[in-house]
Amino acid sequence: MRKSRQRLWMVGGAGVILAAALGLMLLAFGDALVLFYSPSEVAAAPPPAGERVRVGGLVEAGSVVRPDQGGALFTLTDTVATIRVSYDGSLPDLFREGQGIVAEGHFDHDGLFQASNVLAKHDETYMPPEVAEALRAQGVWQGNEATAEAGE
């Protein structure tokens, strides 16, 4: 076998191995992907029940209910639409009404968002970038770009 043909087989074999590795990496990444939705996006096109997603917005004033058995029920809003959220864990210390938050979890068949994790802002000037972008698109949040990026 000539050296040029031997090199061609080696490059082809390496290409197949790289393609297989890339395919496996994308397959693993797809399972870990968690999409972000604002309340308006959920109202327009709700994700399927049981699909793991993130929702973000502002905690609506007067919506927080803390049952005796722990956790909380509250409403997220972007002033256009709302999402009712149920969370069984301990809320972050910075969680409060009017606060920008991101909740991870899934929607049940009744449309209630079952949160498995709630993330609140770090300080007075921080807004999660996804929430800031969604609220800015709705014309609700007027913060600057540096504020949304700060706090990492």
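The values are calculated or read from the model by the stated rules, or taken from the named source; none is laboratory data. Small disclaimer: the values here were computed from a predicted structure and weren't measured. Please note: Cβ atoms are built from the backbone with ideal geometry, for glycine as well, and neighbour counts cover all protein chains shown. Quick note on the areas: whole protein, heavy atoms, side chains included, nothing else; ligands and nucleic acids left out. Shrake-Rupley method; radii C 1.70, N 1.55, O 1.52, S 1.80 Å.
Taking ALA132 as meeting all but one of (1) at pLDDT 65 or above; (2) touching a Ser or Thr at 6+ places or on another chain (Cβ under 6 Å), write down the number of the exception.
The one condition ALA132 does not meet is (2).
Restricted to region 50-71, and to residues that are surrounded by 16 or more Cβ atoms within 10 Å (Cβ to Cβ) and under 19 Å from the mean Cα position of the chain (by Cα), which residue is nearest to GLU130 (Cα to Cα)?
GLY56
Could you say which residue among VAL118, VAL102, VAL85, VAL80 is in contact with a helix residue (DSSP H, G or I) (Cβ under 9 Å, 6 or more places away or on another chain), crowded, with 19+ Cβ neighbours inside 10 Å and among the β-branched types (Val, Ile, Thr)?
Going through VAL118, VAL102, VAL85, VAL80 in turn, the sole match is VAL102.
Check whether at least one residue in region 6-22 is among the hydrophobic types (A, V, I, L, M, F, W, C), under 22 Å from ARG136 (Cα atoms) and open to solvent by 40 Å² or more (accessible area, probe 1.4 Å), and report yes or no.
No, every residue in region 6-22 fails to be among the hydrophobic types (A, V, I, L, M, F, W, C), under 22 Å from ARG136 (Cα atoms) and open to solvent by 40 Å² or more (accessible area, probe 1.4 Å).
Please go through region 29-41 and pick out each residue that is in a helix (DSSP H, G or I) and either loosely packed, with under 11 Cβ neighbours inside 10 Å or in contact (Cβ under 8 Å) with a residue 60 or more places away in the chain (or both).
PHE29, GLY30, ASP31, ALA32, SER40, GLU41
Restricting to region 33-55, what's the tally of residues that are among the basic types (Lys, Arg) and farther than 16 Å from VAL85 by Cβ?
Counting residues in region 33-55 that are among the basic types (Lys, Arg) and farther than 16 Å from VAL85 by Cβ gives 0.
Being at pLDDT 80 or above and not hydrophobic (A, V, I, L, M, F, W, C) is the filter; apply it to region 10-36 and report the residue that is nearest to GLU130 (Cα to Cα).
Only one residue fits best here, namely GLY23.
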